[in-house]
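This report concerns only the one structure given below.
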Amino acid sequence: MSESIGFIGLGNMGQPMAINVLKAGYNMKVYNRDQRKAESITEAGARSGARPAEVVERGGIVITMLSNDEALKAVTLGHDGLLNYLGPGGVHISMSTVSPNLAREMHELHEKEGCSYVAAPVFGRPEAAESQQLWIVEAGNTAAKERIRPILEAIGQGIFDFGEDPAHANIVKISGNFLIAAAMESMGEVFALAEKSGIDRTQIFEMLTQTIFSSPIYKNYGKKIAEKNFQPVGFPMRLALKDVNLVLDSSEQVQSPMPFASQLHDRLLSGIAKGRGESDWAELTRGIADDAGIE
């Protein structure tokens with residue numbers, strides 16, 4: 001491949017995504033704050049940088065997969081940030097779930113430097129990232145999106161385009177995460193009702209997901225919730241709370257009430273207060289069990 005890719009952020013999601021890009025034949029330089037997480041991918045052929053600037057080529061492509069707004073700012077801005085080195089013609093693919101406001105700010109900052117910022121957040125857990133089964137939502141400069149399409153195709157199973165405003169991709173992403181959390185809350189309530197009524201939780205799960213709720217979210221998360229088995233951790237509760245806060249902030253800005261998002265905020269906050277911040281976000285349903293007086 002002629003393109004050389006910089007990849008920043010090798011967490012539970014970033015690691016398998018970067019490996020799939022490497023497998024597609026691209027030259028790759030990687031950076032992660034904890035350098036130990038770069039070891040397996042450097043063994044596979046990537047090169048590692050000691051700071052964000054070291055994985056960026058002028059006019060090239062850099063991918064970031066980070067946990068929040070602060071982490072994205074930290075690797076993008078400042079003397080050692082990627083934006084200082086990307087230069088005219090470069091493309092920054094931000095695959096992180098960040099605020100729509102930050103996406104617009106990043107878009108403006110990149111434009112001033114003659115490069116492009118494309119928001120391309122993903123739907124899927126780490127196992128989906130490993131098998132190239134992520135769903136990708138993109139928004140940004142049209143020419144930049146055409147240039148990066150083969151890279152995104154190496155990462156996911158489908159790409160949905162939401163126009164030129166990068167913030168739109170992030171609005172879609174946080175909306176989707178809100179819907180997943182809402183589905184988990186409703187499943188937790190139903191399974192608690194079934195259990196207290198003397199009905200086997202897994203039996204009602206199997207019936208519903210084989211009929212009127214036959215979809216990946218209800219099947220995959222429903223199984224975890226019905227069986228009360230929340231391992232392995234795919235997405236921690238503290239990040240779920242961050243995303244619900246982003247939903248609430250966005251809804252307030254456009255004056256579109258989301259009362260159920262407020263309920264989810266309190267459910268997640270309660271779980272974190274009980275020491276579950278690093279637990280899988282499906283464990284928000286343990287709060288329902290607590291309320292119902294069941295184990």
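Things to note:
- Selection status of Val98, buried (at least 24 other Cβ atoms within 10 Å of the Cβ) and over 16 Å from the mean Cα position of the chain (by Cα): no
- Filter result for Gly9 (of a type outside the set (Asp, Glu), over 26 Å from Pro236 (Cα atoms) and either touching a residue at least 12 places away in the same chain (Cβ under 8 Å) or surrounded by fewer than 24 Cβ atoms within 10 Å (Cβ to Cβ) (or both)): no
- Of the helices (runs of 4 or more DSSP H) lying entirely inside region 13-119, the ones with 2 or more residues being free of Cβ contacts under 8 Å to residues at least 24 places away in the same chain are found at 39-43, 69-76, 100-112.
- Residue list for region 136-164, restricted to those being assigned to a strand (DSSP E or B) and either acidic (Asp, Glu) or surrounded by 16 or more Cβ atoms within 10 Å (Cβ to Cβ) (or both): Ile136, Val137, Glu138, Ala139, Gly156, Ile159, Asp161
- The residues of region 34-51 that are buried (at least 16 other Cβ atoms within 10 Å of the Cβ) and closer than 23 Å to Leu239 by Cβ, listed by number, are Lys37, Ala38, Ile41.
- The condition (being basic (Lys, Arg) and over 29 Å from Ala129 (Cα atoms)) is satisfied by just one residue among Lys242, Lys224, Lys196: Lys196.
- Criterion (more than 22 Å from Ser250 (Cα to Cα), of a type in the set (D, E, K, R) and within 15 Å of the chain's Cα centre (by Cα)) met by exactly one of Glu138, Glu130, Glu146, Glu153: Glu130
- Hits in region 270-283 - residues which are surrounded by fewer than 15 Cβ atoms within 10 Å (Cβ to Cβ) and more than 15 Å from Val233 (Cα to Cα): Ala273, Lys274
- Pairing each residue of region 225-248 that is closer than 24 Å to Pro16 by Cα with any residue that is in a helix (DSSP H, G or I) and among the polar types (S, T, N, Q), provided the two are 6+ apart or on different chains, yields C-beta distances under 8 Å for Ala240/Asn177; Asp243/Asn177.
- Flag for Gly176 being outside any helix (DSSP H, G or I) and without any contact (Cβ under 8 Å) to a residue 60 or more places away in the chain: no
- Residue list for region 123-132, restricted to those being surrounded by fewer than 21 Cβ atoms within 10 Å (Cβ to Cβ) and touching a residue at least 12 places away in the same chain (Cβ under 8 Å): Arg125, Pro126, Glu127, Glu130, Gln132
- From the options Ala169, Ala183, residue that is buried (at least 20 other Cβ atoms within 10 Å of the Cβ), among the small types (Gly, Ala, Ser) and in a helix (DSSP H, G or I): Ala169
Read the figures in this text as sums done on the coordinates, not as results from a lab. Bear in mind that the values here come from a model prediction, so they are computed numbers and not experimental data. No Cβ is skipped: glycine too gets one built from the backbone with ideal geometry, and neighbour counts run over all protein chains shown.
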